[in-house]
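Worksheet: the structure to be examined is printed underneath.
The values are calculated or read from the model by the stated rules, or taken from the named source; none is laboratory data. Everything quoted here is computed from the prediction, not taken from an experiment. Here the Cβ positions follow ideal geometry from the backbone for every residue, glycine too, while neighbour counts run over all protein chains shown. Areas reflect the complete protein model, heavy atoms only, side chains present, ligands, DNA and RNA absent. Shrake-Rupley method; radii C 1.70, N 1.55, O 1.52, S 1.80 Å.
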Amino acid sequence: MNNIFNFCAGPAMLPQAVMLQAQKEFCNWQDNGVSVMEMSHRSPEYMTMAAEAEQDLRDLMDIPDNYKVLFCHGGGRGQFSAIPLNLLGDKLDADYFLTGQWSHSATLEAKKYARINETNILTTTSEGKTSVLPCAQWPINAGAAYVHYCPNETVDGIEIFDVPETGVIPLVADISSTILSRPIDVTKFGLLYAGAQKNIGPAGLAIVIVREDLIGHARRAIPSIFDYAIQDKFNSMYNTPPTYSWYLAGLVFKWLKTQGGLVEVEKRNIMKANLLYTFIDSSDFYQNNIDKSVRSRMNIPFSLVDESFNNSFLSASKVAGLLNLKGHKSVGGMRASVYNAMPIAGVEALVKFMRDFANENM
Ligand SMILES: *Cc1c(COP(=O)(O)O)cnc(C)c1O
């Protein structure tokens, strides 16, 4: 197990210490004689664990008291519907900014409920490099109920580090693949959301961090489980929450605290990303065409200049214990996802493999 590194974009690798702890208490959690997944979510033991997980996330992300943290069903995509149904109020328009695949998918879903300008494309390409319009130049519609964007495009490998200023218009961000990878200023946002399976824990859970005053204006026809007012009132237990995912997320939050919190985690993530990008840029065998200012730290797509080596690259990397490097089908090439759980040793092993493979095939 120690020599395997899993670069899957999601569901992604989890910290080994967390996996071992979960294994140890799998059948008998906290001496209750049963697994945590066999317990009532309303039992005092479970409720204590759940509240602790929320508090740990609040500590890690420095979430102010006037924000609610909800543990929801339905993954990232569930929120693509929940957000317009909760936030549009009596407005017709919402601003959706397009920077890649996931912001596009969010737009398609929101179109069912809101009037969207589908030409808000922020990516530009010049001399073969893809870049993103600086936040200050985004064309924000003053009549929009909210502004939505995706700070880390998991498929495209684009990350936006600045935060747009939207004044009184609530800013909404899909942080599924960047949550907990670096500190962010929660107060700049009306709502943040993330599917769990990239940087938090197993699939089945979505975290929503929403400013209090944005709750309670949902459309009447909203499904109850998507209504933030109902989820808030019931402490995310209106129906049975994804109990095991919540528990594992809690273990990951505690692990992050032992790592020194997000300031330390960010340093490690910068180091990992630099290691791989620097090697790619120095090589004539590999390339990445995202402008340096918006290169993702979590998802690093790259291609082989001679794509006829793609299949042998993938089979040899698998033999070397470097798993799931195949790029998303819409982009092709390769992608290394290096979330928090990926140790530096994993990136070092990948760079060594890539260097050797290039030398053998030049
Ligand atoms: C993975 C991902 C999603 C979709 O998550 P699901 O849980 O599969 O619905 C949405 N947005 C981003 C940025 C993602 O990376």
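For this structure, a couple of remarks:
- Count - residues of segment 164-178 that are open to solvent by 20 Å² or more (accessible area, probe 1.4 Å) and either within 16 Å of the ligand (Cβ to nearest atom) or not assigned by TED's automatic domain parsing to the domain that holds residue 135 (or both): 0
Yes/no matrix, rows are residues, columns are (1) open to solvent by less than 60 Å² (accessible area, probe 1.4 Å); (2) over 19 Å from residue 71 (Cα atoms); (3) assigned to a strand (DSSP E or B); (4) modelled with pLDDT under 95:
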position: 218; (1), (2), (3), (4): yes, no, no, no
position: 222; (1), (2), (3), (4): yes, no, no, no
position: 231; (1), (2), (3), (4): yes, no, no, no
position: 240; (1), (2), (3), (4): no, no, no, no
position: 244; (1), (2), (3), (4): yes, no, no, no
position: 251; (1), (2), (3), (4): yes, no, no, no
position: 254; (1), (2), (3), (4): no, no, no, no
position: 264; (1), (2), (3), (4): no, yes, no, no
position: 269; (1), (2), (3), (4): yes, yes, no, no
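- Restricting segment 38-81 to residues that are in a helix (DSSP H, G or I) and within 16 Å of the ligand (Cβ to nearest atom), the residue that is most open to solvent (accessible area, probe 1.4 Å): 77
- Single residue of segment 1-37 satisfying the filter (small (Gly, Ala, Ser) and outside any loop (DSSP other than H, G, I, E, B)) that is farthest from the ligand (Cβ to nearest atom): 17
- Note on segment 117-144: residues that are buried (at least 21 other Cβ atoms within 10 Å of the Cβ) and away from the ligand (no atom under 16 Å from the Cβ) total 2.
- Of all residues in segment 283-330 being among the aliphatic types (A, V, I, L, M) and in a helix (DSSP H, G or I), the one that is most open to solvent (accessible area, probe 1.4 Å): 319
- Residue in segment 195-202 that is β-branched (Val, Ile, Thr) and either at positive phi or open to solvent by less than 50 Å² (accessible area, probe 1.4 Å) (or both) present: yes
- Matching option when the condition is more than 18 Å from the chain's Cα centre (by Cα) and in contact (Cβ under 8 Å) with a residue 60 or more places away in the chain, among 338, 294, 351, 263: 351
- Residue within segment 242-254 that is away from the ligand (no atom under 16 Å from the Cβ), on the phi < 0 side of the Ramachandran plot, touching a His at 6+ places or on another chain (Cβ under 6 Å) and not β-branched (Val, Ile, Thr) present: no
- With respect to the stated conditions, residue 108 fails to be assigned by TED's automatic domain parsing to the domain that holds residue 92, surrounded by 14 or more Cβ atoms within 10 Å (Cβ to Cβ), closer than 25 Å to residue 88 by Cα and within 16 Å of the ligand (Cβ to nearest atom).
- Selection within segment 4-28 - without any contact (Cβ under 8 Å) to a residue 40 or more places away in the chain and surrounded by 15 or more Cβ atoms within 10 Å (Cβ to Cβ): 19, 25
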